[in-house]
Amino acid sequence: MDYPLPTEKQGISFSQLQNSALFVFGLGAGVVAVIVFAAAAIWGSQMEFPIDAGRSVGARIDAVVDWTNINGDWLFSAIKIVVIKILITMEDALLWMPWPGLVVLVTLISLRLGGTFVAAFSFLGMMGMGLLGLWESAMETLALVFTAVTLSIGIALPVGVFAARNNRFDAVLRPILDGMQTMPSFVYLVPAIMFFSLGNVPAVMATIVYAVPPAIRLTNLGIRQVSPEIVEAARSFGTTPMQLLTKVQIPMAMPTIMAGINQTTMMALAMVVIASLVGAGGLGEDVNRALGRQEPGAAAIGGMSIVIMAIVIDRLTQGVVKKRQDALRGT
Amino acid sequence: MSFITSHKGLWALVIMAVAMLGAACGSDPTSTAPAVNQPTQTPVIIEKEVTKFVEVETEKQVEVTKEVQVEVTKVVQVVATPTPAPKDVIIFSDLNWDSIQLQNRIAMFIVENGYGYPVDTVTGNTISGFVGLEQGDMHVTMEIWLPNQQVVWDKAIRRGDIQSVGSSLDDNWQSAFVIPTYVAEANPGLKTVADLKKPEYMNLFVTPDSRGKARLVTCVPGWECEKTNENKIVAYGLEDVIDLRNPGSGAGLFADLEGAYQRGDNWLGYLWGPTKPAAELDLTLLEEPEYSDACWAADQGCAYPSAAVLVAVHSSLPPRAPDVVEFLRNWDFTAAAQVSAEGWMADNNESVDAAALWYLANQQDIWTQMVPADVASKIIAALP
């Protein structure tokens with residue numbers, strides 16, 4: 001921490017100010033300590049808070065959830081229908097392609113984006129999943145993760161761009177994103193089931209809540225990091241704000257935004273097993289069932305498949321980021 | 001840290017240090033405890049201090065007995081006289097549903113106050129709770145549901161880690177497929193599971209993601225009923241009618257039912273009792289052919305048998321606490337008692353802790369049958 005140097009002859013110097021502030025702080029702490037001491041001497045460990053409002057506040061929140069469930073049904077039903085449409089389309093598309101097709105396709109993409117090693121890993125990993133009988137589960141999980149990531153990007157891009165342009169919105173947004181990342185997901189899973197009813201839809205919703213923050217944060221950061229000179233130059237050529245955004249800022253920020261999407265995908269995969277507790281299918285369900293039957297082996301197989309999937313997707317998206325960065329550097 | 005060199009900063013530090021030292025001394029109950037009879041204090045305060053003093057003493061006793069325990073058992077081995085051995089803590093597994101939590105609190109109050117064992121709980125869910133019992137991290141589980149936990153139960157019995165000492169919730173609600181009563185009233189023709197074959201009833205439960213079939217929320221993955229429900233659907237010839245929906249967890253099943261019930265939506269699913277939704281919501285059971293061993297062995301195409309809910313203990317408990325095991329053998333807590341306690345909790349917005357005391361205070365003629373008379377009188381004396 002670097003303190004500003006005391007400026008001369010300004011009535012009261014900074015160090016004096018610092019001392020008196022410390023004195024006041026010390027005095028305050030002393031008074032508090034004396035009160036604590038007195039309270040401890042009189043009541044000891046028996047001292048309790050004046051009221052215990054936990055149950056009644058909890059009941060209030062329950063009432064709000066119930067009210068939302070009854071009165072927000074039109075909204076939740078609409079969201080549900082859209083999400084189900086995307087999910088079923090994705091899943092059908094993934095399962096429509098016979099497995100050799102998908103294996104070859106992913107291996108070729110890996111070869112292009114990540115090199116021989118990544119391609120070999122992708123091939124072996126996918127063959128392994130198939131040979132262990134987890135292909136359908138894996139595709140269901142993939143559909144779930146892709147749906148959640150697609151919707152997350154749809155939310156994160158506009159929100160991130162707006163946050164980059166508006167500092168006040170950014171200041172409000174930040175604690176909300178912190179909350180979304182740290183709030184234990186079980187807290188919002190139960191309301192999510194009540195609103196969206198069991199299955200992949202509440203799972204997608206819960207996954208979005210957990211996975212969208214990095215995409216928003218890194219979109220925000222990426223746009224802010226575009227150098228002011230470039231923005232200035234673009235303006236001087238007479239770009240409209242829309243052109244500035246779509247032709248200059250977003251392309252320049254693309255590597256950072258892609259890094260955010262990569263993080264979002266990884267976090268979405270991390271939610272797969274938790275999502276299975278609200279009835280999401282796929283690998284998470286396999287792990288969940290194995291746990292219920294105390295079969296650590298089956299759980300390990302399912303878990304390893306999730307890891308393989310995560311590594312392949314991670315290398316592929318990172319490959320995209322790298323290609324994009326190289327392009328921006330003009331190589 | 002330049003402020004330490006300045007005098008005012010130093011003062012502040014000294015004040016803080018003195019105050020903290022004082023607080024630290026003051027908060028230590030043993031140092032203030034001997035000063036009980038200070039005449040300068042008002043009578044009210046003296047009374048408070050006395051009650052505090054007693055509590056500290058009992059806590060101390062527990063700690064001391066724990067430390068001494070090893071030596072005493074050695075003495076017992078040599079002399080072999082039945083000296084009252086110091087009692088070690090008995091841990092109940094506190095699983096995440098109401099009926100077991102209430103039973104735990106009732107049983108714990110009895111064991112602690114009637115038999116003098118220190119008690120504690122460890123929180124868990126079906127899986128972690130079961131593993132904890134096998135390992136001996138917990139000693140008593142008041143509810144093991146069979147046949148749902150049959151797979152893990154059989155494994156544990158084979159290894160000899162745990163044993164059943166009794167049963168609870170003997171009159172439990174049979175597992176069944178249920179619909180909310182408002183659905184049954186709107187569709188008087190829908191009485192049995194087989195009625196779902198009729199398109200007009202199947203269509204009631206079709207949802208956007210059920211691919212044109214009736215959505216039936218089935219049992220928690222990994223429980224035996226998941227498999228059983230699949231067999232039933234095949235036995236009833238409902239494969240093309242029913243889309244079994246995995247609820248992921250008990251909490252998921254209950255929340256889905258609760259949410260649909262609030263909205264007045266059509267809902268079809270598997271449920272058992274006593275559970276919170278079974279107690280609170282007005283539900284109708286769909287009829288199935290009556291249970292028989294023969295049909296169960298053939299294709300499970302009939303109603304569920306009543307579940308066996310076992311009280312299980314870790315194998316280390318019977319040798320060291322035979323009196324508690326004897327009490328658990330006499331354990332007689334019915335689903336009806338659970339439902340009435342559940343109702344009392346909902347009406348008064350109270351916790352399970354309060355409900356346990358309410359039960360002990362109001363159902364004395366039932367629980368006093370489970371314990372010897374002298375133990376019962378100790379428990380009654382300990383009730384608040």
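The values are calculated or read from the model by the stated rules, or taken from the named source; none is laboratory data. Worth saying up front: this structure is predicted, and the values here are computed from it rather than measured. All Cβ positions, even for glycine, are placed from backbone atoms using ideal geometry, and neighbour counts span all protein chains on display. Calculation scope for accessible area: heavy atoms of the full protein, side chains included, ligands and nucleic acids excluded. Shrake-Rupley method; radii C 1.70, N 1.55, O 1.52, S 1.80 Å.
Couple of notes before you dig in:
- For region A:17-84, convex hull volume per residue from C-alpha positions, Å³: 216
- Relative to its residue count, region B:95-221 spans a Cα convex hull of 165 Å³ per residue.
- Applying both filters, DSSP loop and at most 12 other Cβ atoms within 10 Å, to the chymotrypsin sites (Phe, Trp or Tyr not before Pro) of region A:191-249 gives A:F237.
- Relative to the Cα centre, the charge distribution of region B:176-298, modelled as +1 at Lys and Arg Cβ and -1 at Asp and Glu Cβ, gives a dipole magnitude of about 240 debye.
- Considering only A:L113, B:A184, A:S77, the residue lying farthest towards the positive end of the dipole of the protein assembly as shown is A:L113, judged by Cα position with unit charges set on Cβ.
- Extension gain for A:V307-A:K322 works out to 3.2 nm (0.36 nm per residue, less the C-alpha to C-alpha distance).
- With all pairs of different C-alpha atoms in the average, the Kirkwood value for the hydrodynamic radius of region B:176-298 is 14.7 Å.
- Cα-based Rg of region B:92-143 normalised by 2.2 N^0.38 Å, two decimals: 1.07
- Normalised by 2.2 N^0.38 Å, where N counts its residues, the alpha-carbon radius of gyration of region B:286-335 equals 1.79.
- Residue (of B:I380, A:V272, A:F169) at the positive-pole extreme of the protein assembly as shown, dipole from beta-carbon charges: A:F169
- Interface size A-B, as summed buried accessible area [1.4 Å probe, Å², nearest 100]: 4100
- For region A:192-238, the Kirkwood hydrodynamic radius from C-alpha pairs, put into Stokes-Einstein at 20 °C and a viscosity of 1.002 mPa s, yields a diffusion coefficient of 158 µm² per second.
- Charge dipole (Cα centre; +1 on Lys/Arg Cβ, -1 on Asp/Glu Cβ; no other charges) of chain A amounts to roughly 900 debye.
- For region B:176-298, the carbon plus sulfur part of the accessible surface works out to 51%, probe radius 1.4 Å.
- Between helix A:135-165 and chain A: long-axis angle, C-alpha atoms, 0 to 90°, nearest 10: 40
- Of all accessible heavy-atom area on chain A, the percent that carbon and sulfur account for (1.4 Å): 70
- Choice from A:N262, A:N167, A:N220 with maximal GNM fluctuation in chain A (Cα, 10 Å cutoff): A:N167
- Entry for the protein assembly as shown at q = 0.09, 0.11 Å⁻¹: log10 I(q)/I(0) = -1.06, -1.27, Debye formula applied to identical alpha-carbon scatterers, no solvent contribution.
- Surface analysis of the protein assembly as shown yields an accessible area of 51 Å² per residue, using protein heavy atoms and a 1.4 Å probe.
- Comparing each chain alone with all protein chains together (probe 1.4 Å, DNA, RNA and ligands left out), the residues of region A:193-227 losing at least 30 Å² of accessible area are A:I193, A:M194, A:S197, A:L198.
- Taking each of B:K87/B:K276; B:K87/B:K155; A:K80/B:K232; B:K87/B:K378; A:K85/B:K213; B:K198/B:K276 in turn, the alpha-carbon distance tops 25 angstrom for B:K87/B:K276; B:K87/B:K155; A:K80/B:K232; B:K198/B:K276.
- Restricting the calculation to Cα atoms, every distinct pair contributes to the Kirkwood radius of region B:150-194, found to be 14.5 Å.
- The modelled label-to-label distance for the pair B:A346/A:I51, using points 7 Å beyond Cα in the direction of Cβ, is 2.6 nm.
- Region A:72-328: C-alpha gyration tensor shape, a/c 1.5 cut-off, then a/b vs b/c: oblate
- Two-site FRET efficiency, B:D293 against B:D88, from Cβ-Cβ distance with R₀ of 60 Å, rounded to 0.05: 0.90
- Taking 0.36 nm per residue of separation and subtracting the current Cα-Cα distance, fully stretching the chain between B:D374 and B:T123 would add 87.2 nm.
- In the elastic network of chain A, a GNM with C-alpha springs shorter than 10 Å, the most mobile of A:A40, A:A253, A:A215 is A:A40.
- Helix A:200-225 vs. chain A, principal-axis angle (Cα, 0 to 90°, nearest 10): 70
- Residues of region B:202-227 that bury at least 20 Å² of accessible area once all protein chains are present, compared with their chain alone (1.4 Å probe, heavy atoms only, ligands and nucleic acids left out), are B:P208, B:D209, B:R211, B:R215, B:P221, B:G222, B:E226.
- Here is how the number arises for chain A: DSSP H runs of 4 or more residues each give -39500 (n - 2.57), the sum is divided by the residue count, and the result at 222 nm is -27500 deg cm²/dmol.
- With Cα atoms, 0 to 90° folded angle of helix A:54-71 axis to chain A main axis: 40
- When the P(r) of region A:96-168 is calculated, the portion above 14 Å amounts to 71% of the C-alpha pairs.
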